[in-house]
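The next block holds one structure in the form of structure tokens; read it before the comments.
Read-outs: derived from the displayed coordinates by stated rules, not from any lab. What you see is a predicted model, and the numbers here were worked out from it, not measured in a lab. Here the Cβ is made from the backbone with ideal geometry for all residues, glycine too, and neighbour counts use every protein chain on show.
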Amino acid sequence: MNVAAQSIDEYIASFPGNIQAVLQEIRTTVQKAAPDATEKISYAMPTFVLEGNLVHFPAFKNHIGFYPTLSGTSQFQQEISKYKHAKGSIQFPISQAMPFELIAQIVKFRVEENLAKAAQKSK
């Protein structure tokens, strides 16, 4: 992992081609599910933000970490049960097909959640 990356492009470019392809597809999936979100590097991880952090998705040796916050994992307990997970995190093995549809569902949930929280704060 390149902790010096200043952008998601730089972060992705620091990995071997096969990992780059997976990270780019996750990035595209998140962009489609959250078209108004912005990208940044946060905690040395690729991050999407919309009224606060939506998700982080760093690559590791054997898995892609996906961090949709505690609510993002709690809401999808059944769907993520076949993956190693903890409070706020899921590990998608690189050796398996990425669950892009599930990633999109989680991101859409997080968008709705963040927008609802932002609307409550503005009242």
Filtered residues of segment 90-123 (kept if assigned to a helix (DSSP H, G or I) and basic (K, R)): K108, R110, K117, K121
Could you pull out the residue among A59, A21 that is in contact with a Phe, Trp or Tyr (Cβ under 6 Å, 6 or more places away or on another chain) and among the hydrophobic types (A, V, I, L, M, F, W, C)? A59
When segment 43-88 is examined, which residues are found to be surrounded by fewer than 18 Cβ atoms within 10 Å (Cβ to Cβ), in contact with a strand residue (DSSP E or B) (Cβ under 7 Å, 6 or more places away or on another chain) and of a type in the set (S, T, N, Q)? N62
Name the helices (runs of 4 or more DSSP H) wholly within segment 14-87 that hold at least 3 residues that are free of Cβ contacts under 8 Å to residues at least 60 places away in the same chain and farther than 19 Å from Q105 by Cβ? 17-33
Complete set of residues in segment 3-13 that are crowded, with 17+ Cβ neighbours inside 10 Å and assigned to a loop (DSSP other than H, G, I, E, B): A5
Filter result (closer than 16 Å to N114 by Cβ and hydroxyl-bearing (S, T, Y)) within segment 1-57: T38, S42, T47
